[in-house]
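*Asks:* Quick one: this structure, given as structure tokens, is what I'll be asking you about.
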Amino acid sequence: MTTLPYRPRLAEQGLLRRHLVDGELKLLLHDTRVGEALELTPDQLEQLLACDGTRDLGGVLLAAARRGAYRRASDIETLITELAARGLMADGTAPPHPVLDHPDDARPEPAERPIEVLEGYGLHCDGNGSCCTTYASVPFTRAERRRALAAMPEVAERLGERVFLPLYGSTEGNHSSVAMVNGACAMLGEDGHCGVHARAGAAAKPRGCWSYPAQYVDDGEAVRVSVAAECRCVMASAGREGGEPLVPAAVERAGQLVPGTRIAALPEEVVVSGARRAPRARLRAFTKRALALPTSDGIASLWGFADAVERDGLDAALEPDPSPPPAAAMGYLLLSLAARTADNRLTVAGWRSERDRARRLAEWLDDAAQLLLEPAIQRDRLAGPDMLVEQERFFVRACLHGYQLGIGQRSVVQGLRDRAIRLLLARQLANTDPGVAADDPSVAYPITAVEVAMRGQGLASYASVG
Amino acid sequence: VLKPDASRDAIDDAMRAGSWRLTNVLLGGQARPPQLIFSRAEGSAHAYVIEDARLGVTYLSIQGGDSLAALAQLRRALPCYGPTDHEALVDAPGDAERILGLALVALQVPASEQVDDWLLGGLRDASAQVRAAALTAATYAPRPALLPGLMAIEHGDSEAGLRHAAGQVVSALYTGGPA
């Protein structure tokens, strides 16, 4: 029997989101741990927002009543009990978020750390707005919220109350996520360009938007700046001259970055594999050695690195251009991936519009993931990257430079293998009819479809098996 | 007083139908029983749903506004005991019925000689459980007319707990303090 929390709040893995789908309002509770989306009534949304961890059940009933969302105490009790049984409720107020909830002056900023930007990279953004139409969450701070609504008052007129909901859980704090219209940020104009940018300038946009796709990681010695390979522009910019630098040339130290830039930090000690741990400096040294090696087959390189690290730790000798792994070695991960894409396809079909990019991508990805279960197809895909060789080379570089290995959630070895599986899925996408996604910007850069779904649709949890 | 089949859902539904909004939820404590307070939109009337564990009943009380009309409306919407139901209950053969009857008597406002008679009857009941219920009911309307029954328990009851409780009520009657 589930115990009712004394002062309930929606746990951090629960995301409340408001979507307008073909003109119809959908209120969703995403369970990021299992990738499910539960549809809520407007009353249930208000009841959950009343569960902010400071109120006992009586207080929740009263807060719901004040919001006009109280019918029966038993309805609210049942809602909380059912969500608690799913592991979606917690007790008391939420602890501070390790990155979001630290005021800039309190966070141990690595002000003197040198900046190490992904070498030779400049972003050529084509402004097609695909990054605004894919993610389930577009975060805003309070100030960004005010600016955006001042620039786009028609959004509030169109969507009414609750244009923004808490970024995670049910506590209304500094960070929130904007409502989505057919899977796109509500601030996106009809011309496909950001309305806030158009009316108030780039600086008025949320921090996550103007810094996109740059990612900052403090590894204890430097702040590395890399890119998330989630958008066509990111991949199309690789190897091109010019473009917008990820960090202005004059910025050499972390303290010179725009105040409030979100810098993730590697933990002092990283999990290498199983029970093996190592100081983060060793991971830094490992990535430097790996980055110096040539890559002609991204999967072979990443899997080869994983094998070496699993065997000998982060100081392992690394083989340049190793042979591709045997298909059997990837079996359980591919099974898990196919199960996850199938679940996701079903989930998004339940509530997303057919016009929604995330839904179209979910179908394409699932088709490819199911095909990859065929041993003959696995072998074909593992044979080589074909025309994706340059994309894979860049992807491996961006991942290693930016520590994009899921550090904190999984071991370095698991992270390397996860990225190899992502490349395999991208190769299969390139060989799978995109169907309804045929005009998607990611068709020419299939790794971006994989990456955006891994983060935006929570597919990355497939790699948590084993 | 609500009948046992008046569920919390039924109460919520009746309140909603009567345009009452939940405005407070009070946990029970030493000084008060747990209660829900509903208010009319204009704040002129309050409905108290009081879970009285001592009497073993849940009852409604309306304050402010046209309380009689509001009470009548809620009585129609919820299963309640009628204003004279206690009369048959206090003389019923079963202990449980007599205990319930005494609980209803305790909430009779204003108390009367008839109420005193029913309470005295309960204080002299052969069943210790009924006497305990009568003693509890007496604390709701501690009147000198009840002294003979109370003193009889204080000095002669076979149950030590009842003797002690009766002594406290008697003392309160003499000193004017809380029973």
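*Asks:* I need two numbers for chain A: Rg to one decimal and Dmax as a whole number, Cα atoms only, in Å.
*Replies:* Expressed in Å, the Cα Rg and Dmax of chain A come to 22.4, 66.
*Asks:* Residues of B:16-22, mean number of Cβ from any other protein chain within 10 Å of their own Cβ, rounded to a whole number?
*Replies:* The mean count of partner-chain Cβ atoms within 10 Å per residue comes to 2.
*Asks:* Here's something else I'd like to know. If you consider only alpha-carbon coordinates, what radius of gyration and Dmax does region A:393-446 have, in Å?
*Replies:* 13.3, 37
*Asks:* Would you please give the residues with an amide H less than 5 Å from that of A:A94, counting only those at least 5 places away or on a separate chain, with H modeled from the backbone geometry?
*Replies:* Correct list: empty.
*Asks:* On the accessible surface of chain A, probed at 1.4 Å, how many percent belong to carbon and sulfur atoms? List each step's numbers first, then the result.
*Replies:* On the way: 10070 of 19480 Å².
Accessible surface attributable to carbon and sulfur in chain A totals 52 percent.
*Asks:* Please name whichever of A:T448, B:A41, A:Q370 sits farthest to the positive end of the charge dipole of the protein assembly as shown, dipole taken about the Cα centre and charges placed at Cβ: Lys and Arg +1, Asp and Glu -1.
*Replies:* Highest projection toward the positive end goes to A:T448.
*Asks:* Something else: Counting just the Cα atoms, what span does region A:231-315 cover along each of its three principal axes? Round to the nearest Å and put the largest first.
*Replies:* Here the spans come out as 41, 32, 21 Å, largest first.
*Asks:* Taking the Cα-to-Cβ direction at A:M387 and at A:N431 and moving 7 Å from each Cα, how far apart do the two end points lie in nm?
*Replies:* 1.5 nm
*Asks:* Right, here's the next one. As a test of understanding, state the convex hull volume per residue of region A:366-466 from its alpha carbons, in Å³.
*Replies:* With only Cα atoms used, region A:366-466 gives 108 Å³ per residue.
*Asks:* How big is chain B by Rg and Dmax over its Cα atoms, in Å?
*Replies:* 17.5, 54
*Asks:* Here is a follow-up. I need the P(r) histogram for region A:293-450: all alpha carbon pairs, bin width 10 Å from 0 out to the longest distance, whole percents.
*Replies:* Final binned percentages: 11, 39, 35, 12, 2.
*Asks:* I've got another one for you. Could you tell me which GluC sites (Glu not before Pro) in region A:114-182 are loop residues by DSSP with no more than 11 other beta carbons within 10 angstrom of their beta carbon?
*Replies:* Here the sparse-neighbourhood loop sites are A:E119, A:E161.
*Asks:* Taking Cα centroids, how far is region B:23-100 from region A:1-76 in Å?
*Replies:* Centre-to-centre (Cα) distance: 31 Å.
*Asks:* Please compute, for the alpha-carbon atoms of region A:1-92, the extent along each of the three principal axes and give them in descending order in Å.
*Replies:* Principal extents (largest minus smallest coordinate, Cα): 38, 30, 20 Å.
*Asks:* Could you give each residue of region A:206-221 its phi-based ³J(HN,Hα) in whole Hz, using Karplus coefficients 6.51, -1.76, 1.60 with θ = phi - 60°, and x for Gly or Pro?
*Replies:* These are the phi-based 3J(HN,Hα) values: x, 4, x, 7, 6, 8, 4, x, 5, 10, 10, 9, 8, 9, x, 10 Hz.
*Asks:* Can you list the residues, at least 5 places off or on another chain, whose amide H is less than 5 Å from the amide H of A:R277, using H built in the peptide plane?
*Replies:* Amide H to amide H, under 5 Å and 5 or more residues apart or across chains, A:R277 pairs with A:V272.
*Asks:* Further, regarding this structure: Using the alpha-carbon centroid of each, what span in Å lies between region B:120-179 and region A:260-323?
*Replies:* Between the Cα centre of region B:120-179 and that of region A:260-323, the gap is 82 Å.
*Asks:* How crowded by other chains is B:26-38, given as the mean number of beta carbons from other chains within 10 Å of each beta carbon? Working shown, then result.
*Replies:* Details: counts 1, 3, 0, 0, 0, 0, 0, 0, 1, 0, 4, 1, 1.
That average works out to 1.
*Asks:* Skipping prolines and chain starts, which residues have an amide H placed within reach, meaning under 5 Å, of the one on A:V181, given they are 5 or more residues away or on another chain?
*Replies:* Under 5 Å from the amide H of A:V181: A:L20, A:A186.
*Asks:* Enumerate the calculated ³J(HN,Hα) couplings along region A:114-120 in order (Karplus 6.51 cos²θ - 1.76 cosθ + 1.60, θ = phi - 60°), each rounded to whole Hz, writing x wherever the residue is Gly or Pro.
*Replies:* 3J(HN,Hα) across region A:114-120, in whole Hz: x, 8, 10, 8, 3, 5, x.
*Asks:* Per residue of A:140-152, count partner chain C-beta atoms within 10 Å of its C-beta, then hand back the mean as an integer.
*Replies:* Mean shielding count: 0.
*Asks:* Output the relative contact order of chain A, whole-number percent, from Cα pairs under 8 angstrom with separation of 6+ residues. Working shown, then result.
*Replies:* Details: 833 pairs, mean separation 82.2, N = 466.
This gives 18 percent for chain A.
*Asks:* Determine, for each peptide in A:178-187, A:259-268, the mean count of other beta carbons within 10 angstrom over its residues, then list the peptides with the highest first.
*Replies:* Working: A:178-187: 23.7, A:259-268: 15.3.
In descending order of packing, they fall as A:178-187, A:259-268.
*Asks:* Would you kindly calculate the translational diffusion coefficient of region A:126-210, applying Stokes-Einstein with the Kirkwood radius from alpha carbon pairs, for 25 °C and a viscosity of 0.890 mPa s, and quote it in µm² s⁻¹ without decimals? Can you show the working numbers first?
*Replies:* Working: Rh = 12.7 Å.
It diffuses with D of about 193 µm²/s by this estimate.
*Asks:* Give the Kirkwood hydrodynamic radius (Å, one decimal) of region A:24-161, defined as one over the mean of 1/r across all pairs of different Cα atoms. Could you put the intermediate results ahead of the total?
*Replies:* Values: mean 1/r = 0.0522 Å⁻¹.
Result for region A:24-161, one decimal place: 19.1 Å.
*Asks:* Please list, by residue number, everything in region A:371-388 whose backbone N is under 17 Å from a paramagnetic label point 7 Å out along Cα→Cβ of A:A329.
*Replies:* Backbone N within reach: A:378-385.
*Asks:* Calculated from DSSP H runs of 4 or more alone, at -39500 (n - 2.57) each and per residue, what is the 222 nm mean residue ellipticity of chain B, nearest 500?
*Replies:* Details: 8 runs with 88 residues, N = 179.
Result for chain B, helices only: -15000 deg cm²/dmol.
*Asks:* While we're looking at this one, here's another question. From the alpha carbon gyration tensor of region A:224-263, can you work out the equivalent ellipsoid semi-axes (sqrt of 5 times each eigenvalue) and give them in Å, largest to smallest?
*Replies:* On the way: eigenvalues 97, 34, 11 Å².
The three semi-axes for region A:224-263 are 22, 13, 7 Å.
*Asks:* Please state the charge dipole magnitude for the protein assembly as shown, taken about the Cα centre, from unit charges on C-beta atoms (+1 on K and R, -1 on D and E), reported in debye and rounded to the nearest 20. Spell out each step's value before the answer.
*Replies:* Details: 67 positive and 81 negative charges, 173 e Å.
Dipole about the Cα centre, nearest 20: 840 debye.
*Asks:* Hey, another quick one. Please state the relative contact order of region B:1-106 as a whole percent: Cα pairs under 8 Å, 6+ residues apart?
*Replies:* Values: 154 pairs, mean separation 25.4, N = 106.
Value for region B:1-106: 24 percent.
*Asks:* Report ³J(HN,Hα) in whole Hz for each residue of region B:164-175, in order, from the Karplus equation J = 6.51 cos²θ - 1.76 cosθ + 1.60 where θ = phi - 60°; Gly and Pro get x.
*Replies:* 5, 5, 5, x, 5, 5, 4, 4, 5, 5, 6, 9
*Asks:* So what are the three principal axis dimensions of region A:281-374 from its Cα atoms, in whole Å, longest to shortest?
*Replies:* Largest first, region A:281-374 extends 48, 28, 22 Å along its Cα principal axes.
*Asks:* Now a separate question. At a 10 angstrom cut-off on C-beta neighbours, averaged per residue, how do the peptides A:392-403, A:373-384 rank from highest to lowest? Spell out each step's value before the answer.
*Replies:* On the way: A:392-403: 23.6, A:373-384: 15.2.
Result, highest mean first: A:392-403, A:373-384.
*Asks:* Let me check I have the definition right: for region A:221-367, take the eigenvalues of the Cα gyration tensor, multiply each by 5, take square roots. What are those semi-axes in whole Å, largest first? Mind dumping the intermediate values first?
*Replies:* Numbers: eigenvalues 180, 142, 60 Å².
That gives 30, 27, 17 Å for the three semi-axes.
*Asks:* Hey, another quick one. Over chain B, what is the relative contact order in percent, taking alpha-carbon pairs closer than 8 angstrom and at least six residues apart?
*Replies:* Relative contact order, chain B: 14 percent.
*Asks:* Please quote Rg/Rh for region B:1-66 to two decimal places, taking the Kirkwood radius as Rh and restricting both calculations to Cα atoms. Present the calculation step by step, with values, prior to reporting the outcome.
*Replies:* On the way: Rg = 11.8 Å, Rh = 12.2 Å.
Rg/Rh: 0.96.
*Asks:* For every helix of n ≥ 4 consecutive DSSP H residues, a contribution of -39,500 (n - 2.57) applies; sum these over chain A, divide by its total residues, and give [θ] at 222 nm rounded to the nearest 500 deg cm²/dmol.
*Replies:* Numbers: 16 runs with 180 residues, N = 466.
Mean residue ellipticity at 222 nm (helix-derived): -12000 deg cm²/dmol.
The values are calculated or read from the model by the stated rules, or taken from the named source; none is laboratory data. What you see is a predicted model; the values in this text were computed from it and never measured. Neighbour counts are summed over all protein chains in view; Cβ atoms, including those assigned to glycine, are modelled from backbone coordinates with ideal geometry. For the accessible areas, the whole protein counts, side chains as well, though only heavy atoms, and no ligand, DNA or RNA atoms are used. Shrake-Rupley method; radii C 1.70, N 1.55, O 1.52, S 1.80 Å.
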